[in-house]
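Visitor: Take this structure first; my questions come after.
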Amino acid sequence: MDSNQIIYLIGETNFVVDLGYQQDKNVAYLFDLVLAGRIKLVVPEISLHEMWSVFTKKSKRRLELSIALKEEANQMKRSEHGHILSEQMKNIGKLIEESVNKDKEIIDGFIQSIKDVSVIIPYTTEIHKNAFLMTLNGLYGLPEPDASIYESINAFVKENKGVKIHLNKNTKDFDKDIIHKEMNEFEAELYFDSGKVVKKINELIGQ
């Protein structure tokens, strides 16, 4: 490979979530390569919004638990034993709320760190329009936000030269002949396994 050729690793929502919640050591390794300047990370802007959606869903469940604990605590005040347990339950509820707020700060910082080191594909009106039309096309069968994510990636691979490797863990929606064909047409390699991406990139950079 030409040593001056840029290697683009194109992620999507699952990549961002895996990285943010430390769910995949291969993704963490790939991000280390990004930080070391060996490869460039490309992320659709809409995937960063989706990260917030994932966080909101997780937070909602925890806050519902906090509310349930406080409500139950208020019902247990009548006896001395119940009063002690009530205070303990309230404290647990408070700790849950504090952890949600702390996690919000962490996610905020994490998303900013992604922006600082990545090429962010802006979510434009044109991408939004094309994604809507894609949802109407039975060949793709892509719902939103998957259509917007794919259209964002399409816009990038059409306009940029270099080695383009797209890691996408959503086999259900993206492992389709038409998507493979289009990725190949614009010289982008599509992978659904982070381990295979690590192997491919290590070969390219000589590690």
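Visitor: Write out, first by first residue and then by second, each pair whose Cβ atoms fall under 6 Å of each other, whose residues are 6+ apart or on separate chains, and whose first residue, in the stretch 66-95, is part of a loop (DSSP other than H, G, I, E, B) while the second is among the polar types (S, T, N, Q).
Guide: So the pair list comes out as MET76/SER86; LYS77/SER86.
Visitor: Only one of (1) of a type in the set (A, V, I, L, M); (2) buried (at least 19 other Cβ atoms within 10 Å of the Cβ); (3) modelled with pLDDT of 95 or more is not met by ALA28, so which one is it?
Guide: The failed condition is (2).
Visitor: Would you pick out the residues in the stretch 98-124 that are among the aromatic types (Phe, Trp, Tyr) and in a helix (DSSP H, G or I)?
Guide: Residue satisfying the conditions is PHE110 alone.
Visitor: Pull up the stretch 125-153, narrow it to residues that are in a loop (DSSP other than H, G, I, E, B) and more than 19 Å from the chain's Cα centre (by Cα), then point me to the one that is surrounded by the fewest Cβ atoms within 10 Å (Cβ to Cβ).
Guide: GLY138
Visitor: How do the pairs read when you match residues in the stretch 191-207 that are assigned to a loop (DSSP other than H, G, I, E, B) with residues anywhere that are loosely packed, with under 14 Cβ neighbours inside 10 Å, using Cβ under 7 Å and keeping only pairs 6 or more apart or on different chains?
Guide: Once the first residue is assigned to a loop (DSSP other than H, G, I, E, B) and sits in the stretch 191-207, its partners that are loosely packed, with under 14 Cβ neighbours inside 10 Å give PHE192/THR171; PHE192/ASP175.
Visitor: If I filter the stretch 1-21 down to residues being at pLDDT 90 or above and of a type outside the set (A, V, I, L, M), which single residue comes out as surrounded by the most Cβ atoms within 10 Å (Cβ to Cβ)?
Guide: Here the residue is GLY11.
Visitor: Scan the stretch 104-113 residue by residue and report those that are surrounded by 13 or more Cβ atoms within 10 Å (Cβ to Cβ) and either without any contact (Cβ under 8 Å) to a residue 24 or more places away in the chain or closer than 18 Å to LEU69 by Cβ (or both).
Guide: SER113, the sole residue that qualifies.
Visitor: Kindly evaluate ILE165 against the criterion of being within 21 Å of THR124 (Cβ to Cβ), hydrophobic (A, V, I, L, M, F, W, C) and in contact with an Asp or Glu (Cβ under 9 Å, 6 or more places away or on another chain).
Guide: Criteria not met by ILE165.
Visitor: So, one more: Regarding ASP116, is this residue under 15 Å from the mean Cα position of the chain (by Cα), loosely packed, with under 14 Cβ neighbours inside 10 Å and among the charged types (D, E, K, R)?
Guide: So ASP116 does not fit the description; no.
Visitor: Here's something else I'd like to know. From the residues in the stretch 53-72 that are within 9 Å of GLY93 (Cβ to Cβ) and of a type in the set (A, V, I, L, M), which one is nearest to the chain's Cα centre (by Cα)?
Guide: Among residues in the stretch 53-72 that are within 9 Å of GLY93 (Cβ to Cβ) and of a type in the set (A, V, I, L, M), the one nearest to the chain's Cα centre (by Cα) is LEU65.
Visitor: What are the residues in the stretch 1-50 that are part of a helix (DSSP H, G or I), among the small types (Gly, Ala, Ser) and either more than 20 Å from ASP108 (Cβ to Cβ) or out of contact with any Asp or Glu (no Cβ under 7 Å at 6 or more places or on another chain) (or both), if any?
Guide: Within the stretch 1-50, GLY20, ALA28 qualify.
Visitor: Filter the stretch 182-199 down to the residues that are crowded, with 17+ Cβ neighbours inside 10 Å and among the basic types (Lys, Arg) and list them by number.
Guide: none
Visitor: Hey, can you tell me all the residues within the stretch 155-169 that are surrounded by 16 or more Cβ atoms within 10 Å (Cβ to Cβ), part of a helix (DSSP H, G or I) and touching a Phe, Trp or Tyr at 6+ places or on another chain (Cβ under 9 Å)?
Guide: Within the stretch 155-169, PHE156, VAL157 meet the criteria.
Visitor: While we're looking at this one, here's another question. Taking LYS172 as the residue in question, decide whether it is of a type in the set (D, E, K, R), within 18 Å of the chain's Cα centre (by Cα), exposed (fewer than 13 other Cβ atoms within 10 Å of the Cβ) and within 30 Å of GLU64 (Cβ to Cβ).
Guide: For LYS172, the condition - of a type in the set (D, E, K, R), within 18 Å of the chain's Cα centre (by Cα), exposed (fewer than 13 other Cβ atoms within 10 Å of the Cβ) and within 30 Å of GLU64 (Cβ to Cβ) - is met.
Visitor: Would you say VAL163 is under 16 Å from ASN26 (Cα atoms) and in contact (Cβ under 8 Å) with a residue 60 or more places away in the chain?
Guide: The answer is no for VAL163.
The values are calculated or read from the model by the stated rules, or taken from the named source; none is laboratory data. Quantities reported herein were computed from a predicted structural model and do not represent experimental measurements. Neighbour counts run over all protein chains shown; Cβ positions are idealised from the backbone, glycine included.
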